[in-house]
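Notes follow once the structure below has been shown.
The values are calculated or read from the model by the stated rules, or taken from the named source; none is laboratory data. Source: prediction; values computed, not measured. Cβ coordinates were reconstructed from backbone atoms using ideal geometry, including for glycine residues, and neighbour counts include every protein chain displayed. Heads up: the accessible areas ignore ligands, DNA and RNA and are worked out on the full protein's heavy atoms, side chains in. Shrake-Rupley method; radii C 1.70, N 1.55, O 1.52, S 1.80 Å.
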Amino acid sequence: MSPAPTTEHDRLADSDRRGWLRWGPYLSERAWGTVREDYSADGGVWSYFSHDDARSRAYRWNEDGLAGLSDIDQNLCFALSFWNGRDPFLKERLFGLTGDEGNHGEDVKEAWWYTDATPSASYLQWRYAYPQTEFPYEELRTVNAQRSRTEREYEIEDTAAFDEDRYWDIAVTYAKQDAGTIVASIEVTNLGPDTETIHVLPTLWFRNVWDHEPGRNKPGLLLADGAITSDDGRGTTMRLTANGEPPALFCNNETNTDKIWGSKNKTSYPKDGINDHVVNGRQTVSPAKRGTKAAFWYQLEIPSGARRTVQLVLGPDVETDVAPERLNQIIEERRRDADAFYDTVIPEHVGAEDRRIAREALAGMVWGTQFYAFDVEAW
């Protein structure tokens with residue numbers, strides 16, 4: 001006898017591209033150094049588009065970010081960025097070694113987990129450990145380069161990055177109020193022994209298709225009534241509303257050609273504008289509060305052992321209730337839906353610990369459902 005269908009089963013029965021599957025974890029956590037972005041003359045895919053280039057250079061075929069979401073066509077994207085006040089640039093995407101750098105080939109050198117998910121992405125959880133000391137980029141590159149194929153890889157856990165528990169435990173939960181409205185809750189816990197400050201930048205941006213599709217209406221973001229409001233140029237608008245009163249920073253998802261190739265920029269505020277403003281204090285964000293990439297900027301001073309929560313709502317261009325009580329209620333409702341769904345998926349005789357492991361494994365499969373542009377004529 002088949003188990004009774006749950007609310008999540010009903011959502012999955014809705015196959016409309018503008019239904020419950022319209023938004024999901026379709027955003028890669030790494031798009032740099034991939035064959036999709038390789039336009040090199042010699043086929044040097046790993047060196048043509050590097051991790052260092054990624055913050056300043058617009059992608060062609062897909063985007064990337066931490067705990068990222070996008071619509072099903074990856075036109076509008078949402079992800080998180082962080083800064084510990086010590087790194088030379090924002091933590092906007094996962095860092096790893098290319099096939100030339102790793103003693104066992106390509107390998108991500110970060111600590112992150114997919115902790116929960118439902119197939120319709122009505123409920124998603126993601127967790128990340130971010131060092132409070134400077135991230136050991138060069139150490140990871142150098143030590144792995146010195147190791148042979150017969151030696152084990154040098155991981156971030158082998159560095160001093162997490163010594164004395166000096167890191168941020170970041171837990172992210174997404175819950176859909178309905179098919180088009182997403183609640184985001186970002187819990188940041190200071191596990192270190194001292195009071196520290198972390199910068200949290202929930203970021204909304206458009207994938208750059210306008211540079212490659214002549215005649216395509218260019219989308220835009222602007223600040224309106226305290227919300228970052230999007231217009232995709234085709235009649236669809238969305239609003240990103242945040243709790244508190246964080247400042248909003250705007251630039252454009254366009255390559256900083258002056259930095260990358262030494263040629264004049266098309267825009268005064270290119271893709272790395274938010275990074276350069278936050279990290280280096282430069283006036284590289286739009287004073288008009290307009291662009292195609294925007295972020296709310298939270299600066300959270302958190303005592304040892306304490307936790308702070310940032311909450312946002314991304315949804316249609318209507319007034320949105322961002323009161324914590326209401327947002328927590330939506331999250332709890334979606335969590336119960338997820339529990340009910342997995343009660344029909346994981347057999348009753350499976351113990352609690354094994355159920356958790358199975359659920360996280362299935363979550364990894366959902367989080368791995370990512371956008372891949374395959375234009376037959378173009379390719």
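Side notes on the structure shown:
- Accessible-area composition of the chain, carbon plus sulfur, in percent [1.4 Å probe]: 48
- Each label was represented as a point 7 Å from its Cα along the Cα-to-Cβ direction; for residue 325 and residue 376 these points are 5.6 nm apart.
- Charge dipole (debye, nearest 20) of the range 198-307; +1 at Cβ of Lys and Arg, -1 at Cβ of Asp and Glu: 200
- Set 264/293; 218/264; 176/289 screened for pairs whose C-alpha atoms are more than 23 Å apart: 176/289
- Since only 322, 292, 338 are under comparison, the one whose Cα sits farthest along the positive direction of the charge dipole of the range 276-349, derived from C-beta charges on Lys, Arg, Asp and Glu, is 292.
- Ordered by 1.4 Å accessible area with all protein chains kept, 114, 298 run largest first as 114, 298.
- For the pair the range 43-112 / the range 293-360, the C-alpha centres are spaced 24 Å from each other.
- Put 209, 350 in order of accessible area, highest first, and with a 1.4 Å probe you get 350, 209.
- Comparing 179, 113, 58 along the charge dipole axis of the chain, the residue lying farthest to the positive side is 58, per the Cβ-charge model.
- Across the range 18-29, computed HN-Hα scalar couplings (Karplus, 6.51 cos²θ - 1.76 cosθ + 1.60, θ = phi - 60°) run 9, x, 5, 8, 4, 10, x, x, 7, 8, 5, 8 Hz from first to last residue, x flagging Gly and Pro.
- Taking all protein chains into account, the per residue accessible area for the range 243-348 stands at 51 Å² (1.4 Å probe).
- Length added when fully stretched, residue 7-residue 143, from 0.36 nm per residue minus Cα-Cα: 44.0 nm
- Screening the chain for whole DSSP H helices of 18 Å or more along their axis (Cα) with average Kyte-Doolittle hydropathy at least -1.0 returns 352-367.
- Residue 343 versus residue 280: modelled label distance in nm, points set 7 Å from Cα along the beta carbon direction: 5.5
- Computed over every Cα-Cα pair of the range 1-148 and binned at 5 Å starting from 0, the pair-distance distribution P(r) comes out as 2, 8, 14, 17, 17, 15, 10, 7, 5, 3, 1, 0 percent.
- For the range 117-181: accessible area per residue (Å², 1.4 Å): 42
- Between residue 151 and residue 211, the contour length at 0.36 nm per residue exceeds the Cα-Cα span by 17.1 nm.
- Per-pair calculated FRET efficiency, R0 = 41 Å: residue 352 and residue 258 via Cβ, rounded to 0.05: 0.15
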